[in-house]
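The values are calculated or read from the model by the stated rules, or taken from the named source; none is laboratory data. No experiment lies behind these values; they were computed from the predicted model shown. Note: ideal-geometry Cβ built from the backbone for every residue, glycine included; neighbour counts use all protein chains shown.
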């Protein structure tokens, strides 16, 4: 169904959740000429594909500001086409992809290649994040202006930290020329080296070298201090510790221009998931303790953490089915992000659907300074339809990604995206909901 241009689409009787305007109401939404035409009660449009969505949610297209699509260089793990297919199935209309490809995205030709491949696939808009340093080697800055002109939306050496504080300061200062966003992979390598899970009782029991919370906390503190010094925009990726949440909270209170994200696995799982040497629960930063998990949820609740991002990290089976210490870090997450948010945040923790949509759509758009996160008439029709009561089992054979390295395999979920519309085009339709009658 990818790239199928639709006639006008009339979504009737849905729960319309618009985080940009703080609205949560039942009504109709009309999509026409690739834009949101109108929202209201009892809208009529003779030539529209009309769909009754009673009990379903209509929300702005979800935006994931942290994924790994692996192309170029690691197409055996994932391609831009398979990754964006999984994104559309998860309800995403935009994803920001990290630069740790081979070669890294450190020049405009690779940035343009990524954008063109995504446009050709047609499932989801891809927003390239370029590397801070050339080759991600931590020595010389990339050409920020050229990369921004080519379509990059931010800069990060994700997968690796910028270890030299002086170079991170220079990157932040340089970014001020363009008000560009610097995304920090916050890790003190001197503390995390050779570690493969959270440091604590579980790592001791399993005989695995641990990574202490301080490895993240120290790096977060350093980069918040540098953002305060320079006045630049800083975003902290994949926050996993109680200490990091508090450091970011205090930095925001001082007026530092810092935002932050966490991933669904950090509010859904703890280090206990590693028991049995489960390599599908191995990631960096690692799964932490229950205390950290609760702190992450509180950070999402009070606005310390601004966004939910999957850190979708596909791997081939040989990279995961091996000794735990040798296994690659990371899990896939594009098709489980929304179901986990509905399960943990909405049902267990009492978040409103409006609050979750801010975390998964409006806030990421605002942080990346891209269109999206809104259902305002006249805006591009990026829309996700959610069935909060849809029950399914997350099975390996139904995953759209090329990879299946997920600790949630065979988990039963309630709630998911059932259709995704990008710029008026249907990119995912689980049960033929939007087919012309």
Given (1) touching a residue at least 12 places away in the same chain (Cβ under 8 Å); (2) in contact with a strand residue (DSSP E or B) (Cβ under 7 Å, 6 or more places away or on another chain); (3) over 23 Å from residue 85 (Cα atoms), identify the lone condition not met by residue 140. (1)
Looking at residue 23, is it surrounded by 17 or more Cβ atoms within 10 Å (Cβ to Cβ), farther than 30 Å from residue 145 by Cα and in contact with a strand residue (DSSP E or B) (Cβ under 9 Å, 6 or more places away or on another chain)? no
Give me a count of the residues in segment 264-286 that are touching a helix residue (DSSP H, G or I) at 6+ places or on another chain (Cβ under 6 Å), assigned to a loop (DSSP other than H, G, I, E, B) and surrounded by fewer than 24 Cβ atoms within 10 Å (Cβ to Cβ). 2
When the residues of segment 112-128 are narrowed to those that are buried (at least 22 other Cβ atoms within 10 Å of the Cβ) and touching a residue at least 60 places away in the same chain (Cβ under 8 Å), which ends up farthest from residue 426 (Cα to Cα)? 127
When residues of segment 307-326 are limited to those that are assigned to a helix (DSSP H, G or I) and surrounded by 16 or more Cβ atoms within 10 Å (Cβ to Cβ), the one nearest to the chain's Cα centre (by Cα): 319
Being closer than 15 Å to residue 237 by Cβ and in a loop (DSSP other than H, G, I, E, B) is the filter here; which residues of segment 168-192 pass it? 185, 186, 187, 188
I want to confirm something. Restricting to segment 212-231 and keeping residues that are touching a residue at least 60 places away in the same chain (Cβ under 8 Å) and surrounded by fewer than 24 Cβ atoms within 10 Å (Cβ to Cβ), which single residue is farthest from residue 171 (Cα to Cα)? 213
Check segment 97-111 and report whether any residue there is buried (at least 24 other Cβ atoms within 10 Å of the Cβ), touching a helix residue (DSSP H, G or I) at 6+ places or on another chain (Cβ under 9 Å), at pLDDT 95 or above and over 20 Å from residue 74 (Cβ atoms). no
Among 384, 310, 304, which is the only one that is in contact (Cβ under 8 Å) with a residue 40 or more places away in the chain and under 14 Å from residue 415 (Cβ atoms)? 384
So residue 195, is it on the phi > 0 side of the Ramachandran plot, crowded, with 18+ Cβ neighbours inside 10 Å and assigned to a loop (DSSP other than H, G, I, E, B): no
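Let's see how each residue does on (1) part of a loop (DSSP other than H, G, I, E, B); (2) under 23 Å from residue 313 (Cβ atoms); (3) within 25 Å of the chain's Cα centre (by Cα):
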| position | (1), (2), (3) |
| --- | --- |
| 205 | no, no, no |
| 217 | no, yes, yes |
| 229 | no, no, no |
| 243 | no, no, yes |
| 247 | no, no, yes |
Of all residues in segment 327-338, which are more than 22 Å from residue 248 (Cβ to Cβ) and in a loop (DSSP other than H, G, I, E, B)? 327, 328, 329, 330, 331, 332, 334, 335, 336
Any residue in segment 23-30 that is in contact with a helix residue (DSSP H, G or I) (Cβ under 9 Å, 6 or more places away or on another chain) and closer than 25 Å to residue 312 by Cβ? no
Given the options 186, 150, name the one that is closer than 21 Å to residue 287 by Cα and in contact (Cβ under 8 Å) with a residue 40 or more places away in the chain. 186
Is it the case that segment 363-373 has a residue that's touching a residue at least 40 places away in the same chain (Cβ under 8 Å), over 30 Å from residue 148 (Cβ atoms) and in contact with a helix residue (DSSP H, G or I) (Cβ under 6 Å, 6 or more places away or on another chain)? no
